[in-house]
Amino acid sequence: GEGVAKDLALAVSWWRKAAEAGHADAMYNLAWSYRKGEGVAEDLALAVSWWRKAAEAGNTDAIHNLARAYSTGEGVAKDLALAVSWWRKAAEAGH
(Lines give C-alpha, C1' and ligand atoms only; values in the text may rest on other atoms or scores of the structure.)
Protein backbone atom coordinates (compact mmCIF):
# COMPACT_ATOMS: atom_id res chain seq x y z
CA GLY A 1 0.00 0.00 0.00
CA GLU A 2 0.98 3.59 -0.52
CA GLY A 3 0.69 5.45 2.78
CA VAL A 4 -1.18 2.54 4.38
CA ALA A 5 -0.42 -1.05 5.32
CA LYS A 6 -0.76 -3.47 2.40
CA ASP A 7 -4.06 -5.35 2.69
CA LEU A 8 -4.93 -7.34 -0.43
CA ALA A 9 -8.24 -8.62 0.93
CA LEU A 10 -9.35 -5.03 1.56
CA ALA A 11 -8.14 -4.00 -1.89
CA VAL A 12 -10.19 -6.82 -3.41
CA SER A 13 -13.30 -5.69 -1.53
CA TRP A 14 -12.92 -2.15 -2.94
CA TRP A 15 -12.18 -3.43 -6.44
CA ARG A 16 -15.29 -5.64 -6.25
CA LYS A 17 -17.47 -2.67 -5.28
CA ALA A 18 -16.06 -0.57 -8.11
CA ALA A 19 -16.28 -3.49 -10.58
CA GLU A 20 -19.90 -4.14 -9.70
CA ALA A 21 -20.53 -0.42 -10.30
CA GLY A 22 -19.15 -0.82 -13.84
CA HIS A 23 -15.54 0.39 -13.47
CA ALA A 24 -13.55 -1.50 -16.14
CA ASP A 25 -10.13 -1.06 -14.49
CA ALA A 26 -11.49 -2.43 -11.22
CA MET A 27 -12.88 -5.44 -13.12
CA TYR A 28 -9.41 -5.98 -14.58
CA ASN A 29 -7.71 -5.70 -11.17
CA LEU A 30 -10.25 -8.06 -9.62
CA ALA A 31 -9.56 -10.58 -12.39
CA TRP A 32 -5.84 -10.46 -11.62
CA SER A 33 -6.56 -10.98 -7.94
CA TYR A 34 -8.42 -14.18 -8.78
CA ARG A 35 -5.74 -15.21 -11.29
CA LYS A 36 -2.92 -14.80 -8.76
CA GLY A 37 -4.86 -15.74 -5.62
CA GLU A 38 -4.01 -12.43 -3.99
CA GLY A 39 -6.58 -11.29 -1.42
CA VAL A 40 -8.91 -14.10 -2.53
CA ALA A 41 -8.60 -17.79 -3.30
CA GLU A 42 -7.17 -18.44 -6.76
CA ASP A 43 -10.02 -19.08 -9.18
CA LEU A 44 -9.14 -19.08 -12.87
CA ALA A 45 -12.75 -19.30 -14.02
CA LEU A 46 -13.64 -16.18 -12.01
CA ALA A 47 -10.55 -14.42 -13.36
CA VAL A 48 -11.73 -15.10 -16.91
CA SER A 49 -15.26 -14.00 -16.04
CA TRP A 50 -14.00 -10.64 -14.75
CA TRP A 51 -11.62 -10.25 -17.71
CA ARG A 52 -14.59 -10.80 -20.03
CA LYS A 53 -16.62 -8.13 -18.22
CA ALA A 54 -13.65 -5.72 -18.30
CA ALA A 55 -13.05 -6.50 -22.00
CA GLU A 56 -16.69 -5.84 -22.81
CA ALA A 57 -16.36 -2.55 -20.90
CA GLY A 58 -13.41 -1.59 -23.13
CA ASN A 59 -10.31 -2.47 -21.08
CA THR A 60 -7.75 -3.42 -23.75
CA ASP A 61 -5.47 -5.29 -21.32
CA ALA A 62 -8.45 -7.44 -20.35
CA ILE A 63 -9.21 -8.09 -24.03
CA HIS A 64 -5.65 -9.36 -24.48
CA ASN A 65 -5.77 -11.50 -21.31
CA LEU A 66 -9.09 -13.00 -22.36
CA ALA A 67 -7.59 -13.94 -25.72
CA ARG A 68 -4.64 -15.52 -23.95
CA ALA A 69 -6.95 -17.52 -21.68
CA TYR A 70 -8.82 -18.90 -24.70
CA SER A 71 -5.54 -19.73 -26.45
CA THR A 72 -4.20 -21.71 -23.49
CA GLY A 73 -7.43 -23.05 -22.00
CA GLU A 74 -6.61 -21.43 -18.67
CA GLY A 75 -9.90 -20.93 -16.80
CA VAL A 76 -11.98 -21.69 -19.91
CA ALA A 77 -12.21 -24.38 -22.55
CA LYS A 78 -9.43 -23.88 -25.09
CA ASP A 79 -10.87 -22.20 -28.18
CA LEU A 80 -8.39 -20.86 -30.70
CA ALA A 81 -11.10 -19.24 -32.84
CA LEU A 82 -12.30 -17.20 -29.87
CA ALA A 83 -8.71 -16.38 -28.95
CA VAL A 84 -8.08 -14.98 -32.43
CA SER A 85 -11.33 -13.04 -32.30
CA TRP A 86 -10.38 -11.41 -29.00
CA TRP A 87 -6.81 -10.73 -30.19
CA ARG A 88 -8.24 -8.96 -33.24
CA LYS A 89 -10.38 -6.82 -30.95
CA ALA A 90 -7.30 -6.02 -28.86
CA ALA A 91 -5.35 -5.04 -31.98
CA GLU A 92 -8.22 -2.90 -33.27
CA ALA A 93 -8.29 -1.16 -29.89
CA GLY A 94 -4.58 -0.38 -30.18
CA HIS A 95 -3.21 -3.05 -27.84
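Brief remarks on what is shown
- For the chain, averaging the sequence separation of C-alpha pairs within contact (under 8 Å, six or more residues apart) and dividing by the residue count gives a relative contact order of 19 percent.
- Computed on segment 3-52, the Cα convex hull volume stands at 66 Å³ per residue.
- Between Glu74 and Ala18, the distance separating the two model label sites (each 7 Å from Cα on the Cα→Cβ line) works out to 2.3 nm.
- Both radii come from the Cα set of the chain: Rg as radius of gyration, Rh as Kirkwood radius; their ratio Rg/Rh reads 1.01.
- Of the solvent-accessible surface of the chain, computed with a 1.4 Å probe over protein heavy atoms with every protein chain present, carbon and sulfur atoms account for 53 percent.
- All-pairs alpha carbon distance profile, segment 44-95, 10 Å steps from 0, percent: 33, 58, 9
- Probe 1.4 Å, accessible area per residue of the chain, Å²: 58 Å²
- The phi-based Karplus calculation (6.51 cos²θ - 1.76 cosθ + 1.60; θ = phi - 60°) puts the 3J(HN,Hα) values of segment 62-69 at 5, 4, 4, 5, 5, 4, 4, 4 Hz, whole numbers, x for Gly and Pro.
The values are calculated or read from the model by the stated rules, or taken from the named source; none is laboratory data. No experiment lies behind these values; they were computed from the predicted model shown. Note that each Cβ is placed from the backbone with ideal geometry, even for glycine, and that neighbours are counted across all protein chains shown. The protein model used for the area step is the full one, side chains on, heavy atoms only, and it has no ligands, DNA or RNA in it. Shrake-Rupley method; radii C 1.70, N 1.55, O 1.52, S 1.80 Å.
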